[in-house]
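Colleague: Mind looking over this structure? Questions follow.
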Amino acid sequence: MKDQPMSTYEQLLRIRKERGAGYLVLIDPDKATGAGLPAVVRNATAAGADAFLIGGSLMLSDEFDAVLKTMKASTSLPVIIFPGSLFQISPVADAILYLVLISGRNPDNLIGNHVIASPIIKRMGLETISTAYMLIEGGTVTSAEFMSNTRPIPRAKPDIAVAHALAAEMIGMKVIYLEAGSGATQSVPVEMIRKVSRHCSLPLIVGGGIRTPEEARQKVEAGASFIVTGTVTEENATTDLMRAFADAIHSAAGRR
Ligand code: 1GP
């Protein structure tokens with residue numbers, strides 16, 4: 001009997017198991033349409049990234065499919081949609097984070113958009129990864145907060161984050177995502193990551209405002225399973241910087 005190919009979710013679990021933690025490079029579809037995209041994707045792949053996310057709170061261009069095709073042609077790593085809106089759905093990707101904004105109380109982000117998107121996603125045959133998405137206060141009003149019309153969880157209240165994560169796990173969701181928001185001046189606090197990872201066994205993605213490999217290392221040591229960088233690697237998409245992130249993330253996991 002032929003083996004079934006591994007799903008993208010299974011690949012993420014394998015990365016967590018084998019490397020301890022993984023590095024996800026976020027590509028913003030609006031900023032990725034230039035000729036530099038294949039080089040950025042190749043650099044990140046060579047630097048030791050584990051997968052790509054693509055998405056953004058706003059999308060001004062209509063090149064989503066074209067950007068995805070370019071990415072897929074430039075790497076063999078998984079390319080996963082991190083949708084900022086209903087317009088960010090494509091069969092070209094390997095999977096989509098099926099985000100439920102559980103920290104908020106906006107019904108569109110809890111179920112309304114999912115109902116609209118689900119028949120289209122089903123028809124495309126796109127793999128969904130049920131993701132409990134939590135906005136954490138990041139020192140400034142981020143696009144994610146503004147666009148979702150929800151309030152983030154206060155950074156000094158890790159217990160509130162833990163209770164949300166537990167609820168997500170009990171509901172049967174597959175991944176927790178702690179998000180300070182793109183360009184946040186303060187990333188998700190280490191203490192919150194530590195508490196959530198202690199109480200909840202789901203893979204824990206952490207992103208928003210992470211600007212240095214050292215910061216990424218501290219978050220992995222606290223229990224993050226995946227670290228996302230967007231802004232900093234957009235500003236400086238060199239192999240050197242991405243390798244420093246990948247090395248910090250992979251080596252910190254060994255020290256947990
Ligand atoms: C991923 O939204 C973030 O969770 C990306 O944040 O752009 O600040 O890296 P940055």
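No value in this document is a laboratory result; all are computed from the given coordinates. Note that the structure is predicted; figures quoted are calculated from it, not measured. Virtual Cβ from ideal backbone geometry, glycine too; neighbours counted across all protein chains shown.
Colleague: Applying the Karplus parametrisation 6.51 cos²θ - 1.76 cosθ + 1.60 with θ = phi - 60° to the phi angles of the range 246-256, what ³J(HN,Hα) value in whole Hz is obtained for each residue in order, glycine and proline being reported as x?
Modeller: For the range 246-256, the Karplus curve yields 4, 5, 4, 5, 6, 6, 5, 4, x, 9, 6 Hz.
Colleague: When the chain is treated as a GNM, springs tying every alpha-carbon pair under 10 Å, which of 117, 49, 32 comes out with the largest mean-square fluctuation?
Modeller: It is 117.
Colleague: Run down the lysines and flag those whose C-alpha is under 27 Å from the C-alpha of residue 69, throwing out any fewer than 8 positions away in its chain.
Modeller: Excluding near neighbours in sequence, the set is 31, 122, 174.
Colleague: Identify all lysines with a Cα-Cα distance to residue 157 below 22 Å; exclude those on the same chain that are fewer than 8 residues away in sequence.
Modeller: Candidates past the 8-residue exclusion: 195, 219.
Colleague: Out of 115, 143, 171, whose Cα points farthest toward the positive end of the dipole of the chain (charges: +1 Lys, Arg; -1 Asp, Glu; placed on Cβ)?
Modeller: Final value for the positive-end residue is 171.
Colleague: Would you mind checking which residues have amide H under 5 Å from residue 183's amide H? H placed 1.01 Å from N; only 5 or more apart, or other chain.
Modeller: Amide H neighbours of residue 183: 209, 231.
Colleague: How big is the range 61-145 on each of its three principal axes, counting only the C-alpha atoms and giving the largest first in Å?
Modeller: 37, 31, 23
Colleague: Towards the positive end of the charge dipole of the chain, with charges on Cβ (+1 Lys, Arg; -1 Asp, Glu), say which of 208, 91, 158 has the farthest Cα.
Modeller: Of 208, 91, 158, it is 158.
Colleague: Would you please give the residues with an amide H less than 5 Å from that of residue 137, counting only those at least 5 places away or on a separate chain, with H modeled from the backbone geometry?
Modeller: Distant-sequence amide H within range of residue 137: 153, 155.
Colleague: More than 15 angstrom separation, counting every C-alpha pair in the range 145-184; what % is that? Please report the intermediate quantities before stating the final value.
Modeller: Numbers: 386 of 780 pairs.
Counting every Cα pair in the range 145-184, those more than 15 Å apart make up 49 percent.
Colleague: In nm, give the distance between the simple-model label positions of residue 170 and residue 123, each being 7 Å from the Cα along the Cα-to-Cβ direction.
Modeller: 3.8 nm
Colleague: Report, in deg cm²/dmol and to the nearest 500, the calculated mean residue ellipticity at 222 nm for the chain, where each DSSP H run with n ≥ 4 adds -39500 (n - 2.57) and the sum is divided by the residue count. Please list the in-between numbers first.
Modeller: On the way: 10 runs with 107 residues, N = 256.
Mean residue ellipticity, 222 nm, calculated: -12500 deg cm²/dmol.
Colleague: Might you report the magnitude of the Cβ-based charge dipole of the chain about its Cα centre, with Lys and Arg at +1 and Asp and Glu at -1, to the nearest 20 debye? Walk me through the numbers before you get to the answer.
Modeller: Values: 25 positive and 25 negative charges, 138 e Å.
It works out to roughly 660 debye.
Colleague: I want to verify a result. In a Gaussian network model of the chain, Cα cutoff 10 Å, which of these has the top mean-square fluctuation: 97, 68, 166?
Modeller: So, out of 97, 68, 166, the one fluctuating most is 166.
Colleague: Would you kindly compute the Cα radius of gyration of the chain and its largest Cα-Cα separation (Dmax), both in Å?
Modeller: Considering the chain through its Cα atoms, Rg and Dmax are 16.8, 54 Å.
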